[in-house]
């Protein structure tokens, strides 16, 4: 099963992914996005979150 993965070095903490998929992504105190529910992509459009990331910090992993 594909799961979204965040590259923390690249992430700028814009929060777009967390706005689109709050059950999958969360912005934390270090201003980076974290995957909190990789199995919840059925509740939102994870591909759209990947596509909207301005620095391409999110990809599909295994």
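Assorted remarks:
- Selection from region 33-59 of residues that are closer than 15 Å to residue 10 by Cα and surrounded by fewer than 18 Cβ atoms within 10 Å (Cβ to Cβ): 34, 51, 52, 54, 55, 56, 59
- Counting only strands (runs of 3 or more DSSP E) that sit completely within region 11-62, those holding 1 or more residues that are over 23 Å from residue 1 (Cβ atoms) correspond to 25-27.
Rule-based calculations on the coordinates, nothing more; no lab input. In this text the structure is predicted, and so the values were computed from the model without any measurement. Heads up, the Cβs are rebuilt from the backbone with ideal geometry, glycines too, and the neighbour counts pull from every protein chain shown.
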